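Colleague: I have a structure here, written as structure tokens, and I will follow up with some questions on it.
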Amino acid sequence: PEYLVGDMWAQHSAGWSVFDIFTSPYVPETGFFTNYAITTREGEVLWPAEHSTQWIGDRAAARMAATDPSKPIFALLSLVDTHLPNIALPQFAYDTRCDAMPPWNPPNYNEADVSDKPPWMQDQALFPFPDGWPMAAMCREMLGVDWLVGRVTEELRAEGRLDNTLFVFTADNGMAWGAHRLQLKETPYTTPVPLYMSWPSRWGSAPRTITEHTSNIDLAPTFCAVA
């Protein structure tokens, strides 16, 4: 974006050997899914057609393949998926596996009586999905995220890095999706975010759930301690 210039660019790029960032303006029809530009240390690159999830997966794998196998890697891959306008990777755009995904319909969805809520919430209209927020489009987008995880995983396996790689999947915010008649992320009801971790050589492959609360501010010191 236009604010990543001069000193700001230097601050954001400090410490990274590779720094690829979206710098094209947001276009409502395509978001950052297509017709975007990437600014790198080598200059700006235009990618008018390739889906950004495809680009990030392939780019990450290529960057990893070009790294000396004896050196550790810290990679941050930030995806556009589940943002508007919700464009799935082409190969998943009509994937029938998502057809039967039920709508998101928790007890607080499209709350009928909001008289006990603040005035700004009482002003929210009901959503036009009486049976719950439709999730098929989100499902098809997330199939692309699943593809990206596989793309990066296979590259790490080919390099012999896989078992000693700590994977972290998380997000910067949740979404209301109709809870209390709210849709977007700027609400107190969207603070929970996913946090999944995998470290085959330390934790094995059997899934388990840890119930302690964590916060995004815990991540950076944890990574430093692990390193």
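The values are calculated or read from the model by the stated rules, or taken from the named source; none is laboratory data. Remember, predicted model here, so these are calculated numbers, not experimental data. Ideal geometry is used to build each Cβ from the backbone, glycine not excepted, and the neighbour counts take in all protein chains shown. Remember, those area values only see protein heavy atoms, side chains included, never the ligands or the DNA or RNA. Shrake-Rupley method; radii C 1.70, N 1.55, O 1.52, S 1.80 Å.
Colleague: If R0 is 35 Å, what FRET efficiency do you get for LEU184 and SER70 from their C-beta distance, rounded to 0.05?
Modeller: So the FRET efficiency works out to roughly 0.15.
Colleague: Which one of PHE92, VAL18, MET121 is farthest out on the positive end of the charge dipole of the chain, using unit charges on Cβ (Lys, Arg +1; Asp, Glu -1) and the Cα centre as origin?
Modeller: Of PHE92, VAL18, MET121, it is VAL18.
Colleague: Using Cα extents along the principal axes in Å as the read-out, say which of (i) 47, 45, 38; (ii) 73, 38, 24; (iii) 61, 42, 40 was calculated from these coordinates.
Modeller: Read-out taken from this structure: (iii).
Colleague: List the Cys residues of the chain that have no partner Cys with a C-beta closer than 4.7 Å.
Modeller: Within the chain, the cysteines lacking a partner Cβ under 4.7 Å are CYS224.
Colleague: Just from its helices, what would the mean residue ellipticity at 222 nm be for the chain, if runs of 4 or more DSSP H residues each count -39500 (n - 2.57) and the sum is divided by every residue, rounded to the nearest 500 deg cm²/dmol?
Modeller: Calculated from helices alone, the mean residue ellipticity at 222 nm is -8000 deg cm²/dmol.
Colleague: Expressed as a whole percentage, what fraction of the accessible surface of the chain belongs to carbon and sulfur atoms when a 1.4 Å probe is rolled over the protein heavy atoms?
Modeller: Carbon and sulfur atoms account for 59 percent of the accessible area of the chain.
Colleague: Along the charge dipole of the chain, Cβ charges K/R +1 and D/E -1, which of PRO194, MET138, ILE73 sits furthest on the positive end?
Modeller: ILE73
Colleague: Sequence gap at least 6, Cα distance under 8 Å: using those rules, report the relative contact order of the chain to the nearest whole percent.
Modeller: Here the relative contact order equals 16 percent.
Colleague: If you place +1 on the Cβ of every Lys and Arg and -1 on the Cβ of every Asp and Glu, how big does the dipole about the Cα centre of the stretch 108-227 come out, in debye to the nearest 20?
Modeller: In total the dipole reaches around 300 debye.
Colleague: Right, next: Is there a quick way to get the dipole size of the stretch 1-83? I mean about its Cα centre, with the Cβ of Lys and Arg at +1 and of Asp and Glu at -1; what is the value in debye to the nearest 20?
Modeller: Once rounded to the nearest 20, the dipole reads 280 debye.
Colleague: Taking the Cα centre of the chain as the origin, how large is its charge dipole in debye, to the nearest 20, when only Lys and Arg (+1) and Asp and Glu (-1) carry charge on their Cβ atoms?
Modeller: Dipole about the Cα centre, nearest 20: 540 debye.
Colleague: Using 0.36 nm per residue of separation minus the Cα-Cα distance, give me the extension gain between THR191 and LEU219 in nm, one decimal.
Modeller: Answer, rounded to one decimal: 8.5 nm.
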